[in-house]
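Report on the structure given below.
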Amino acid sequence: MVIMSLPFMEQTFVSAQASWKEAGTVILGCPYDGSASFRPGARFGPSAIRRASWGIETFSPYLKKDLTRLSLHDMGDLELPFGDKRSSLDLIQKAVRKILSGKKIPILLGGDHLITLPIVEELVKIYPGLHLVHIDAHTDLREDYLGETLSHSTVMRKVVDHLGRGRLFQLGVRSGTAEEFDLARRMKSLVPLEQNSLRSLEKHLKGKPVYISLDLDVVDPGLLPGVGTPEPGGLTFQELISLFKDLQNLHVIGFDMVELTPDYDPTQISSLTASVILREMILTFCS
Ligand SMILES: [Mn+2]
């Protein structure tokens, strides 16, 4: 019986030891990858991030803050019926409802990018003025993918239906169809990664509830190859965390980190990098 009481640290993200009741911020794994158009495997993302997190420091030398000072709770992964898209999305939405009704900040780990749709559907009920900052290599604005309108490549188009026009801002985008870029231009959603543009975005979003959706493929695939749809020409780690710094004054009410497909990177550096990025996001936006 003694052996049963040993701690099993890998089951949570590092330092996420607070109980549900005492936690202000809650991590939930949404390991759905049924809409991956190229390389599946994002269902293993959340557990790989948790495992890798025990190899990193809880202290951020960039922010001079420590995760152990926060009250973080890790709910683990949702158990999803992978073949059933609709009920998987419904279960994710229900879980987000539970987190929001507990008045906690949700951090969702994907899974493929489609998980952002049920999350946003739930968030707009609580935050009708919600704005979304979408950090991604891809536009994700397709009307459909091979006839399927619910996909990780259509998710931001669907999200706009719930948010309304003028509420979506896309950063780091370098891939999409001509039609998607046309639509993005008409919606004025693309924000160049320049100081002037970021400053006016910050000004525009000041005081408004903001949700951040981070697709890890925004990082250069040379540095983070373990993603479903790698796209050359991406950000370095330093560029990404300096982008977080540019957004640090926003009123962030939650965020997600999606598309880590750890098994395409046998070195595990992608998972490790993802867990450091998660530490930086938590310390920037939830502390
Ligand atoms: Mn992407």
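The values are calculated or read from the model by the stated rules, or taken from the named source; none is laboratory data. This one's a predicted model, so the numbers in the text were calculated from it and none came from an experiment. All Cβ positions, even for glycine, are placed from backbone atoms using ideal geometry, and neighbour counts span all protein chains on display.
Within the stretch 256-287, the set of residues being acidic (Asp, Glu), assigned to a helix (DSSP H, G or I) and within 12 Å of Gly45 (Cα to Cα) comprises just one member, Asp263. Against the test of being within 16 Å of the ligand (Cβ to nearest atom) and either more than 20 Å from Phe169 (Cα to Cα) or touching a residue at least 12 places away in the same chain (Cβ under 8 Å) (or both), the options His73, His134 yield a single qualifying residue, His134. Scan the stretch 135-166 for residues that are more than 12 Å from Ser37 (Cα to Cα), among the aliphatic types (A, V, I, L, M) and out of contact with any helix residue (DSSP H, G or I) (no Cβ under 6 Å at 6 or more places or on another chain) and jot them down. Listed by number, the residues that qualify are Met156, Val160, Leu163.
Scanning the stretch 207-242 for residues that are away from the ligand (no atom under 13 Å from the Cβ) and under 18 Å from Ile107 (Cβ atoms) yields Pro209, Val210, Tyr211, Ile212, Leu240, Ile241. For the stretch 144-157, the criterion of being away from the ligand (no atom under 16 Å from the Cβ), within 19 Å of Arg186 (Cα to Cα), surrounded by fewer than 18 Cβ atoms within 10 Å (Cβ to Cβ) and modelled with pLDDT under 95 is met by at least one residue. Against the numbered list (1) closer than 20 Å to Asp217 by Cβ; (2) touching a helix residue (DSSP H, G or I) at 6+ places or on another chain (Cβ under 6 Å); (3) part of a helix (DSSP H, G or I), Val124 comes up short only at (1).
A quick yes/no check of all residues on (1) touching a strand residue (DSSP E or B) at 6+ places or on another chain (Cβ under 6 Å); (2) away from the ligand (no atom under 16 Å from the Cβ); (3) not hydroxyl-bearing (Ser, Thr, Tyr):
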position: Lys103; (1), (2), (3): no, yes, yes
position: Gly111; (1), (2), (3): yes, no, yes
position: Glu122; (1), (2), (3): no, yes, yes
position: Ile126; (1), (2), (3): no, yes, yes
position: Leu141; (1), (2), (3): no, no, yes
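Among residues of the stretch 244-272 being buried (at least 23 other Cβ atoms within 10 Å of the Cβ) and hydroxyl-bearing (Ser, Thr, Tyr), the one that is farthest from the ligand (Cβ to nearest atom) is Ser271. Of the helices (runs of 4 or more DSSP H) entirely within the stretch 139-219, those holding at least 2 residues that are over 21 Å from Val258 (Cα atoms) occupy 178-187, 195-205.
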